[in-house]
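The values are calculated or read from the model by the stated rules, or taken from the named source; none is laboratory data. The shown structure was predicted, so the numbers you read here are calculated from the model rather than taken from an experiment. So basically every Cβ, Gly included, is an ideal-geometry build from the backbone, and we count neighbours across all protein chains shown.
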Protein chains: 6
Amino acid sequence: MALVKLVEESEAQGLVAEVYQDIMTSRKLAKVPNYWKALAHQPALLAVTWERLKTVMAEGALDRRTKEIIAVAVSATNNCDYCLHSHTDALRGLGLGDAELVELMSVVDFFNGSNAMASGLKVEYAAPVPMAEEGQPERASTSKEGN
Amino acid sequence: MALVKLVEESEAQGLVAEVYQDIMTSRKLAKVPNYWKALAHQPALLAVTWERLKTVMAEGALDRRTKEIIAVAVSATNNCDYCLHSHTDALRGLGLGDAELVELMSVVDFFNGSNAMASGLKVEYAAPVPMAEEGQPERASTSKEGN
Amino acid sequence: MALVKLVEESEAQGLVAEVYQDIMTSRKLAKVPNYWKALAHQPALLAVTWERLKTVMAEGALDRRTKEIIAVAVSATNNCDYCLHSHTDALRGLGLGDAELVELMSVVDFFNGSNAMASGLKVEYAAPVPMAEEGQPERASTSKEGN
Amino acid sequence: MALVKLVEESEAQGLVAEVYQDIMTSRKLAKVPNYWKALAHQPALLAVTWERLKTVMAEGALDRRTKEIIAVAVSATNNCDYCLHSHTDALRGLGLGDAELVELMSVVDFFNGSNAMASGLKVEYAAPVPMAEEGQPERASTSKEGN
Amino acid sequence: MALVKLVEESEAQGLVAEVYQDIMTSRKLAKVPNYWKALAHQPALLAVTWERLKTVMAEGALDRRTKEIIAVAVSATNNCDYCLHSHTDALRGLGLGDAELVELMSVVDFFNGSNAMASGLKVEYAAPVPMAEEGQPERASTSKEGN
Amino acid sequence: MALVKLVEESEAQGLVAEVYQDIMTSRKLAKVPNYWKALAHQPALLAVTWERLKTVMAEGALDRRTKEIIAVAVSATNNCDYCLHSHTDALRGLGLGDAELVELMSVVDFFNGSNAMASGLKVEYAAPVPMAEEGQPERASTSKEGN
């Protein structure tokens, strides 16, 4: 059970009712997700957080699928139950199955591991030095691949 | 300065020299990144970690760009200097500029925040209930969007 | 179920019994909280940890309520179930209701997010430069507001 | 050096210039803090994040000082350099000195430690049972003190 | 319930079946632990991860018991349920009882706390200066004890 | 530079001077490590924290070397600069060289990774089922090896 009471749709008034309506309409949902029902104890916070989520998740250089993948990667690193369920459901709705989710998580796993190794040994980064192409000298440059 | 001496290319022998060669060839680099030079104190570890990275970063359902984005998202959440530099450089090599990096980081920011809110209030997840289409009853279902 | 057996009040002897008595007396409790019953497998650890908690939570420049708020902020960031329940209960005992808890958590949310953004982009801090008051030159100074 | 170029005041236009002006006016600063200059690559994100910070840090049930204390507690737990400098400076501007900062950090230290103990041993929480007052039976209740 | 279906022993084929067999034989188990059944959606990942675990956990300068202790210390810091159960069970199999587990966790607790204090106050490290032995000058040196 | 002034040996009085003396004597140091000089702004905190460290690091079921290894494992997971330097120095004083430190860190790396995988997919733990010995039925039991 949540540590605060959830503000149900039937109790919503004013700004809270407006945001609830916008969430349901833009997400095509019949019920407001519980996350927002907790925030609703602070109506101005609810409104500005919802506004910010719309800004953050809008299609830009990164598409919706990539952004949901980031949400899952962050939530796995932080071990957030609610968020893992919510964004894994979203990715399934976008067509990812078990094999794709494990592929995603293998990247999350690798870098959580190598982050601890690199930080733990305090390895210093040096810009990659690409292999000289024939007849050309080596030079420091931006590589296309990390690590 | 790293907490362990780096094993330089000129010092590499046997398995270490082989892995170093594979790293440089497959990444088109003239020098081995420092991360691998730290691992080289344990040659078998170096070899199997490099093998695992190749498996993890191979193009699959998720492409290379998406996987580098996950690497940056995880590294920002863990605050790993080496990895942030390395994978931001990789993303720049893949064409992302300042605006795209900030867009990426805004998603990382949002979910690090909402993870703390959802976990901190112990909000329980409920499967999304999609809006009934005309003439159809509501039913629990997999939404295309999280939160 | 806890990964170690809890040392019940009826089993407590010597130093453990003394600390249990002090916990119950100073907190006005009829039962020792489970956290301490786990530590009791190491009596010296139990005693010095309880002593340290009393020192840390004593009223000083920060009052008890502020310290319980910090406890909740840290526990939400680390996603610690036991501690979230325990310190949220404490804050409710001190008069905070749902709206106040969400207000508290909104600050925790904001800074968990902005921490990832600032660290992820490796933004460098510069001391704030206050607006020149009329007839006065600008100077670097300590602002009253962060970010 | 930040991983993205900062958008300087002299380069700001339109929405970015407006938000920069609001930051400087409301904070009485002659320069925009670097954090916002990084976000400015995404003007809509800059605007909604600044709006959200104003909402979150507004005086409510918790005052400004308490909210800056939470910011420091979260930033210490996440080890965010920028944020530790920024919000420690803010607390000094609000009158906290070295002794108070160490007092604050001792609470952060204690709960980061006990979070790991409680989670690591998976200790289960039980609602506190207050000592029976004379002539009254014991009952489960909300205590005023956590742990 | 896991967010992906587990690949049961009866469904395993080819590389997955080979790895499952190796896990059961080398660990003397009649069933494959669930962790590996989740990874099995990506057979190459399963194989290289199992290979890496064998490399990492092999007796070297650190013995098996010490490595399981590290596993528990990391899992407590990250609050990973599965891993805490798994590696606490392993340590019990190696002879650790309740008192030893609490002793282990007290070290994890202390350093999770002092990490936050040291990082939060940004205390700078200075190499330890050992006490001069009689008739000898002091010199900077490597101490045998941290903090 | 630390965010608080350090209390130097020459400034120490009363309880602080006593603890400083105990630190230097028991650790055979000519100077007090900076960590303690920061805590000294709160003399009672300094004293009880030092007392607790002595309790926690005392030889018990786990020896000093194992406890320093745990300190490094936790500090790498939290990315604490001060603590990594301090406890790596301590381990070098106890005889660990580069190869051993990388071996240690490989375990830290593996479990930071697998923690994220197990938590991210919410894999449920099941007690290991040992292979039936000849003529004996299988039974759930405590294995000697995790994962």
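When C:Val19 is tested against (1) outside any helix (DSSP H, G or I); (2) touching a residue at least 24 places away in the same chain (Cβ under 8 Å); (3) not polar (S, T, N, Q), just one condition goes unmet, and that condition is (1). Within 14 Å of chain E (Cβ to nearest Cβ) and either closer than 27 Å to F:Cys80 by Cα or surrounded by fewer than 23 Cβ atoms within 10 Å (Cβ to Cβ) (or both): is that true of D:Ile23 in this structure? Judged against the criteria, D:Ile23 is not a match.
Here's the yes/no breakdown for (1) among the charged types (D, E, K, R); (2) farther than 23 Å from A:Ala12 by Cβ; (3) at pLDDT 95 or above:
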residue	(1), (2), (3)
A:Leu39	no, no, yes
A:Leu45	no, no, yes
A:Glu51	yes, no, yes
A:Val56	no, yes, yes
A:Gly60	no, yes, yes
A:Arg64	yes, yes, yes
A:Cys80	no, yes, yes
A:Leu84	no, yes, yes
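Just need a number here: residues in the range C:59-71 that are touching a helix residue (DSSP H, G or I) at 6+ places or on another chain (Cβ under 8 Å) and surrounded by fewer than 24 Cβ atoms within 10 Å (Cβ to Cβ). Spell out how you get there, then give the answer.
First pass over the range C:59-71, keeping only residues touching a helix residue (DSSP H, G or I) at 6+ places or on another chain (Cβ under 8 Å): C:60-62, C:64-71.
Now restrict to residues that are surrounded by fewer than 24 Cβ atoms within 10 Å (Cβ to Cβ): C:60-62, C:64-66.
Number of matching residues: 6.
Mind checking which residues of the range E:98-125 are among the small types (Gly, Ala, Ser) and either out of contact with any Phe, Trp or Tyr (no Cβ under 9 Å at 6 or more places or on another chain) or more than 7 Å from every other protein chain (Cβ to nearest Cβ) (or both)? Within the range E:98-125, E:Ala99, E:Ser106, E:Gly120 qualify.
In the range E:106-130, which residues are over 27 Å from D:Leu91 (Cβ atoms), assigned to a helix (DSSP H, G or I) and without any contact (Cβ under 8 Å) to a residue 24 or more places away in the chain? I'd like the intermediate steps shown before the answer.
Kept after step one, since they are over 27 Å from D:Leu91 (Cβ atoms), are these residues of the range E:106-130: E:106-108, E:127-130.
Cutting the leftovers down to assigned to a helix (DSSP H, G or I) gives us E:106-108.
Hit for the range E:106-130 is E:Ser106, nothing else.
With respect to the conditions (1) within 22 Å of A:Leu94 (Cα to Cα); (2) at the interface with another protein chain (Cβ under 7 Å from one of its Cβ atoms), A:Gln42 lacks only one, and its number is (1).
Among the residues of the range E:22-46, the ones that are outside any helix (DSSP H, G or I), farther than 17 Å from B:Val56 by Cα and free of Cβ contacts under 8 Å to residues at least 12 places away in the same chain come to 3 in all.
In the range E:100-147, the qualifying residues are those that are of a type in the set (S, T, N, Q), closer than 27 Å to F:Leu3 by Cα and modelled with pLDDT of 90 or more, and the one that is nearest to the chain's Cα centre (by Cα) is E:Asn112. Consider the range C:49-97 and keep the residues that are within 14 Å of chain B (Cβ to nearest Cβ) and not in a helix (DSSP H, G or I). The one that is nearest to D:Asn115 (Cα to Cα) is C:Cys80.
Would you confirm whether or not the range D:64-86 contains a residue that is over 27 Å from B:Asn79 (Cβ atoms) and free of Cβ contacts under 8 Å to residues at least 60 places away in the same chain? It would help to see each step written out before you state the result.
From the range D:64-86, those over 27 Å from B:Asn79 (Cβ atoms) are none; that's our starting set.
Within the range D:64-86 (the criterion being over 27 Å from B:Asn79 (Cβ atoms) and free of Cβ contacts under 8 Å to residues at least 60 places away in the same chain), the answer is no, since none of the residues qualifies.
When the range A:1-14 is filtered for residues that are within 14 Å of chain C (Cβ to nearest Cβ) and in a helix (DSSP H, G or I), only A:Glu11 remains.
Could you pull out the residue among D:Ala73, D:Ala17, D:Ala12 that is of a type in the set (A, V, I, L, M), outside the structural domain of D:Phe110 (by TED's automatic domain parsing) and in contact with a Phe, Trp or Tyr (Cβ under 9 Å, 6 or more places away or on another chain)?
Details: D:Ala73 fails: outside the structural domain of D:Phe110 (by TED's automatic domain parsing); D:Ala17 fails: in contact with a Phe, Trp or Tyr (Cβ under 9 Å, 6 or more places away or on another chain).
From the options D:Ala73, D:Ala17, D:Ala12, the qualifying one is D:Ala12.
Among the residues of the range C:7-20, those that are surrounded by fewer than 21 Cβ atoms within 10 Å (Cβ to Cβ) and not hydroxyl-bearing (Ser, Thr, Tyr) comprise C:Glu8, C:Glu9, C:Glu11, C:Ala12, C:Gln13, C:Gly14, C:Leu15, C:Ala17, C:Glu18.
Give me the residue from the range D:26-48 that is of a type in the set (Gly, Ala, Ser) and surrounded by fewer than 19 Cβ atoms within 10 Å (Cβ to Cβ) and, out of that set, farthest from C:Asn112 (Cα to Cα). Selected residue: D:Ala30.
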